[in-house]
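Derivation of every value follows stated rules applied to the coordinates shown; laboratory data play no part. Predicted model only: the values in this text are computed from it and were never measured. Here the Cβ is made from the backbone with ideal geometry for all residues, glycine too, and neighbour counts use every protein chain on show.
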Amino acid sequence: MPLAEDAQCTYLADWTATKLRWALTVDRAERDTLRDLAIGCEDTDVEYKPV
């Protein structure tokens, strides 16, 4: 995670988009962590194109 708070939502969106784009798996711990970290990122969209 970036230390700069204003970059964290973008980082999380990019991370999620990469996982979705490449159909990568996510385990329960990662999913839960991503959800917890994404609190407060309601205005951030995850955009990706499937491969």
Inspect all residues belonging to the range 3-11 and state whether any of them is touching a residue at least 24 places away in the same chain (Cβ under 8 Å) and either outside any helix (DSSP H, G or I) or touching a strand residue (DSSP E or B) at 6+ places or on another chain (Cβ under 6 Å) (or both).
no
Being under 15 Å from Met1 (Cβ atoms) and either part of a loop (DSSP other than H, G, I, E, B) or touching a helix residue (DSSP H, G or I) at 6+ places or on another chain (Cβ under 7 Å) (or both) is the filter here, so list the residues in the range 16-51 that pass it.
Thr16, Leu34, Leu37, Ala38, Ile39, Gly40, Cys41, Thr44
Just the residues that are surrounded by fewer than 14 Cβ atoms within 10 Å (Cβ to Cβ), aliphatic (A, V, I, L, M) and on the phi < 0 side of the Ramachandran plot, please, taken from the range 2-25.
Leu3, Ala4, Ala7, Leu24
Of the numbered conditions (1) without any contact (Cβ under 8 Å) to a residue 24 or more places away in the chain; (2) surrounded by fewer than 15 Cβ atoms within 10 Å (Cβ to Cβ), Lys49 fails exactly one; give the number of that condition.
(1)
